[in-house]
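The numbers here are math on the coordinates, done by the rules we state, and not lab data. This is a predicted model, so every value here is computed, not measured. In this analysis, Cβ positions are derived from the backbone assuming ideal geometry, glycine residues included, and neighbour counts consider all displayed protein chains.
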């Protein structure tokens, strides 16, 4: 009996010498539970109880006069569904540095030249980075009264939801209020009299989904509008044919900024490379 006790004591002592604590217990069925090695930091299955899964960034407003400051906010969403403001804990970046720059900390952006700033932030956590979605702010000259430039590279594509209209963001005219999408079903129609505007309020960023189409040919143009209500000349005309599918849309599509608009350019962002 003494020999058996001695052997068991030596076995426990050997485990302790390797820095392990062995915990064994019984479950309700009377079987041995799984041994738990609780040496902190050695368990590869350990994960934080609460961690950031996404960051939303928003400016105080879409337009700011050149020479002014714009306060941004960063709000983190955690794996448990809760949110928390982390504005002072992140690294801020403007993807168009010719427009302006951030102060060293705190999410305040100084607008230095007219144009469009594309902003996001980064938070290092758990050995990896969580990068926010894109936010946009326009820096403008309050004394400027010229209409914005014509939108470039319009494009259209038929989808199951309707016609997706795309174009390039205007990066130089900082007093942008948004874009307007015009449509007709007559080829080479006169813009001023034959095209009708599809959206309600100006669309902040591409793309725009026109869900009010039925079968047939559709021709689109895009114009830019500034905060004074001045409009650019229309873009070149682009056409798409809808066959065999009918789309029914109710009201305007552009009353609110969609997630797709907010996330535009995310796929090819180079802010933190």
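Stretching the chain fully between residue 53 and residue 157 yields a gain of 34.2 nm (0.36 nm per residue, less the alpha carbon separation).
Scaling the Cα radius of gyration of segment 52-143 by the globular reference 2.2 N^0.38 Å produces a ratio of 1.10. Placing one equal scatterer on every Cα of segment 122-179 and applying the Debye formula, the log10 ratio I(q)/I(0) at q = 0.20 Å⁻¹ is -0.87. By the Stokes-Einstein formula, at 1.002 mPa s and 20 °C, segment 82-189 with its Kirkwood radius over alpha-carbon pairs has D equal to 127 µm²/s.
This ranking places 89, 139, 215 by how few other beta-carbon atoms lie within 10 Å of each, fewest first, which gives 215, 89, 139.
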